[in-house]
Amino acid sequence: MKRLIAAAAALLLLLPGCAEKRGTHTETRYDYFDTVVTVTAADMTDTEFRTAADAVWDELGRLHRLFDRYHEYAGMNNLKTVNDKAGTEPAEVDPALLDLCDFAVRMYGETDGRLNVMLGSVLDLWHEARERALADPASASLPDDAALSEAAAHTDIAALRIDREAGTLYIADKDASLDLGAVAKGYAAEKAAERLTGLGYDHVLLDLGGNIRAVGDKAGVPWTLGIRAPEGDCAALREVSSGTLVTSGSYQRYFTVDGQNYHHIIDPRTNYPAVGFVSVTVEAADSTLADALSTALFCMTEAEGRAVAERLGVTAFWLYPDGTLVHN
């Protein structure tokens, strides 16, 4: 009888989920969107967390490949395919690409052109300058002004043709280039959140390099999130139970020429890095919207940004170089 009881107890321990403790789990990877991605979950078993995290990695991996403008992938027409076919023919693409481009075109109108996903030709020049500077700081230099002016002549949003019926994207200008960097992480975070919700998981926090998406609360209490100051300190704390907090900052991707830093957020009006703020953070229900607006508002004055934020129903935070933090 004792042997039977012991065997039954051992069998119970092997049953899925049986006797598993619930708690907080976290996992970090650097595989997607050229940034550090962290998944944190509260009140989950090891098995539940493994399933939830794997769903996130699967969704992010799919979208990373789809929005990649530098690499091709077998069996997929992605953003690089669309750019490679610029001026020649449309590319049949996944509906997610159509959806995100549709959204980006609408945001171009909402932000008076400060969010322009057709800025790729200009961004490429700054990307090349940054890569050269990081490889050899002593020879760092800015993009040539004439080259920037020429590239800027190929940034018309009207060159992007979205055909929902045919399921295609086409860039009518052969020298133009589509870059979704200002919206891709937000969209990916939102789709990963939808995937988790569809599987019945909540109490999860996704952090895609500063694009934070809360899927439910932290097992009954809000997640406490910080708005980062450039030195790594916290400029402000926010309590979020569901929704998103996205920051665009001048202190993350930059290079230095003659003692001056040049960051990666380019103002479409000047073709140079936007000036005025250390960071802009947007708090909203939707991560795609917050991602787009954090970039666009960085390229506006505070007054202009306040008008956009209030019209679209989001809260924005502007961090100035002297440490002052204001919000609408």
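Among the residues making up region 143-177, a single one is open to solvent by 40 Å² or more (accessible area, probe 1.4 Å), in contact with a helix residue (DSSP H, G or I) (Cβ under 7 Å, 6 or more places away or on another chain) and assigned to a strand (DSSP E or B): Ile162.
Being open to solvent by 20 Å² or more (accessible area, probe 1.4 Å), touching a strand residue (DSSP E or B) at 6+ places or on another chain (Cβ under 6 Å) and within 30 Å of Leu148 (Cα to Cα) narrows it down to one of Thr295, Thr270, Thr256, Thr301, so name that one. Explain how you work it out, then say what you get.
Working: Thr270 fails: touching a strand residue (DSSP E or B) at 6+ places or on another chain (Cβ under 6 Å); Thr256 fails: touching a strand residue (DSSP E or B) at 6+ places or on another chain (Cβ under 6 Å); Thr301 fails: touching a strand residue (DSSP E or B) at 6+ places or on another chain (Cβ under 6 Å).
Testing whether each residue is open to solvent by 20 Å² or more (accessible area, probe 1.4 Å), touching a strand residue (DSSP E or B) at 6+ places or on another chain (Cβ under 6 Å) and within 30 Å of Leu148 (Cα to Cα) leaves just Thr295.
Residue by residue, here is whether (1) touching a strand residue (DSSP E or B) at 6+ places or on another chain (Cβ under 7 Å); (2) at pLDDT below 95; (3) aromatic (Phe, Trp, Tyr); (4) farther than 21 Å from Gly210 by Cα holds:
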site: Gly17; (1), (2), (3), (4): no, yes, no, yes
site: Arg29; (1), (2), (3), (4): yes, no, no, no
site: Val37; (1), (2), (3), (4): yes, no, no, no
site: Ala41; (1), (2), (3), (4): yes, no, no, no
site: Phe49; (1), (2), (3), (4): yes, no, yes, yes
site: Ala52; (1), (2), (3), (4): yes, no, no, no
site: Leu60; (1), (2), (3), (4): yes, no, no, no
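Restricted to region 191-212, and to residues there that are open to solvent by less than 30 Å² (accessible area, probe 1.4 Å) and closer than 16 Å to Ala55 by Cβ, the residue that is nearest to the chain's Cα centre (by Cα) is Leu208.
Name the single residue that is surrounded by the most Cβ atoms within 10 Å (Cβ to Cβ) among those in region 46-82 being more than 14 Å from Val204 (Cα to Cα) and aliphatic (A, V, I, L, M). Show your work before the answer.
Our first condition is that a residue be more than 14 Å from Val204 (Cα to Cα); within region 46-82, this holds for 47, 58-82.
Still in the running and aliphatic (A, V, I, L, M): 60, 63, 66, 74, 76, 79, 82.
On the way: Leu60: 24, Leu63: 24, Leu66: 21, Ala74: 5, Met76: 14, Leu79: 26, Val82: 23.
The selected residue is Leu79.
For the condition touching a residue at least 40 places away in the same chain (Cβ under 8 Å) and either among the charged types (D, E, K, R) or more than 30 Å from Glu131 (Cβ to Cβ) (or both), what is the one hit in Gly226, Gly243?
Details: Gly226 fails: touching a residue at least 40 places away in the same chain (Cβ under 8 Å).
Just a single option satisfies the conditions, and that option is Gly243.
The values are calculated or read from the model by the stated rules, or taken from the named source; none is laboratory data. All values reported here derive from a predicted model rather than from experimental measurement. Glycine also receives a Cβ, built like all others from the backbone with ideal geometry; neighbour counts cover every protein chain displayed. Accessible surface is based on the protein model in full, side chains and every heavy atom, while ligands, DNA and RNA are left aside. Shrake-Rupley method; radii C 1.70, N 1.55, O 1.52, S 1.80 Å.
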